[in-house]
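Take a look at the structure below.
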Amino acid sequence: MEQARTKPYGWSSLDMDIDCRHVDVVDGIRGFSVLLVLWFHFWQQTWFMPTYPTPFLSFLGITDLTPSHIRWVGYIFVDMMVLLSAFCLTLPIARSMLLGEGVDDACTFYKKRFARIYPSYLLAVLVSFGFQIWSGNYPTVSYALRDLVSHLTFTHMFRADTYIYAPINGVLWTVGLEVQFYLLFPLLTKLFRKSPLLFWGTLTGFGGWFIFQYALNQEPINMQVNQLPAFLPVFANGMLAAYLFTLYCVKAPYKGLWAVGFTALAVVGAVLIRNQVVDAQMYSGDKQIWQLENRIGLSLCYTLFLLSAALALKPLRWLFSNPVARFLGAISYNLYLYHQRLVVLLRMSLGFKSGADVAAAGTRMQLFLTVEALGLSLLLAAVLTYLWERPLHRWIMGWGQNKKEPAAPLPADAAATIEPATETESEERI
């Protein structure tokens, strides 16, 4: 029947409310990942790590809980953000492969990516550059221009002085990494369409070769750990996860009982991630070596959790899809861009030269600076998201488009069954 072909079973929201178009947990997982990275950066500037008394667990010998591991290695959740990016970008490709939907051509894809990331990125670069000029942190004019131009063109990761030692905002390397992936994505999807599993194995294999045969043997290691080839297994896992998620939604005849199993798997994934965090914190050597050696395994743990949480029972999915989680996901890009520089600026404005100085001032000062930095970061991110990022995104996407004649109305039965071909919120919030 025509209806079965245009809207296959599993596509509707009646079956466990799983939606192939908007993966409801993505926004929350992205937002919480950014908060964990933020936690690490805030701790660097305040040395604040609260301890929570747990007398109700004293019978187990647990008198308090201290989330100390995050303060050392919270940055590894950047890998989850990278995985989510590949996952969301590949969802339309997976629907095209499994449901015959159309996809954007390369020019439209690049325009959407530019409109999504460049306005906020440009503002962050210019604000940070202006502050560094005002502070006199560039020894020469040529260095200042090189730093600015390399960031504006996303080439700052190719030189140590514009990447590791750059006065401009250090977190911007992640955007440069993403842009490199965007440039390759139309070509990668052509290969992905031929055989997702073969593509995944090839990309993961090449990334593994780069990590273990090249990057770990180079000095300095910090120039290698975040280069694109070292992240290829993470991107590959995200792309395959998008295909497997869509395949399950389309092909699985009944999802109710399976959701119980996926809920259990999500818990297993969370425990595995926690174990990786502890292992990274306990590693006695250079933690960037740990990152390289464990990036593939960590990414697989993230993939297990993402897929399982997306297909789990509603209560678990609600933890990552409630209004607060969606709000964090919505502002996560600007929150990530500004939080580190903001907490550094606040620390300096209070007259403290380092986190050790803040700690010496006492717990109340540590708490005050942490809460102030968090509140201002959230406020600034929200203002920039809704008053800068989104209006400019709409303007760029509408620029150069001619007004089209309204399409002829569909027959009543067709209008009720054919899904709209617009991007989902998850795909827009990459």
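Where a number appears in this text, it was derived from the coordinates with a stated rule and is not lab data. Being a predicted model, the structure only gives us computed values, none of them experimental. Reconstructed Cβ throughout: ideal geometry from the backbone, glycine too, with neighbour counts over all protein chains shown.
Determine the dipole magnitude for the range 141-286: charges of +1 sit on the beta-carbon of Lys and Arg, -1 on that of Asp and Glu, nothing else is charged, the reference point is the Cα centre, and the result goes in debye to the nearest 20.
Value, rounded to 20: 720 debye.
So for 399, 72, fewest C-beta neighbours within 10 Å to most, what's the order?
Lowest to highest Cβ neighbour count: 399, 72.
Contact order normalised by length for the range 320-391, with contacts defined as Cα pairs under 8 Å and 6 or more residues apart; what percent is it?
Rounded, it is 46 percent for the range 320-391.
By how many nm would the segment from residue 397 to residue 152 grow when fully extended, if each residue of separation counts as 0.36 nm and the alpha-carbon distance is taken off?
86.2 nm
Using the structure shown, select from 190/314; 190/251; 112/287; 111/190; 112/190 the pairs with a Cα to Cα distance greater than 26 angstrom.
The pairs that break the limit, which is 26 Å between Cα atoms, are 190/314; 112/287.
Which ³J(HN,Hα) values in Hz, rounded to whole numbers, follow from the phi angles of the range 261-270 under the Karplus curve 6.51 cos²θ - 1.76 cosθ + 1.60, where θ = phi - 60° and Gly and Pro get x?
Listing the rounded values in order: x, 5, 4, 5, 5, 4, 5, 4, x, 5 Hz.
Taking Cα centroids, how far is the range 81-135 from the range 195-236 in Å?
When both Cα centres are located, 22 Å separates them.
Between rounded, prolate and oblate, where does the range 91-157 land on the alpha carbon gyration tensor, with a ≥ b ≥ c its root eigenvalues, rounded for a/c under 1.5, else prolate if a/b exceeds b/c?
prolate
Given labels modelled 7 Å from the Cα in the Cβ direction, how far is it in nm from residue 143 to residue 206?
Those two pseudo-labels are separated by 3.6 nm.
Provide 388, 395, 43 in ascending order of the number of other Cβ atoms located within 10 Å of each residue's Cβ, fewest first.
Ranking 388, 395, 43 by Cβ neighbours within 10 Å, fewest first, gives 395, 388, 43.
Can you give the Rg and Dmax of the range 357-398 based on its C-alpha atoms, in angstrom?
Over the range 357-398's Cα set, Rg and Dmax evaluate to 16.8, 53 Å.
Calculate the spin-label point distance for residue 349 paired with residue 222, positioning each point 7 Å from the Cα along the beta-carbon direction, and give it in nanometres.
Once both label points are built, they end up 2.7 nm from each other.
Want the number for residue 313 to residue 383: 0.36 nm per residue separation, take away the alpha-carbon distance, what's left?
Extra length from residue 313 to residue 383 when fully extended: 21.8 nm.
Treat each spin label as a single point 7 Å out from the Cα along the C-beta direction, and report the residue 198 to residue 264 distance in nm.
The answer from the label model is 3.6 nm.
Could you tell me the relative contact order of the range 155-281? Use alpha-carbon pairs under 8 Å, at least six residues apart, and round to a whole percent.
Value for the range 155-281: 21 percent.
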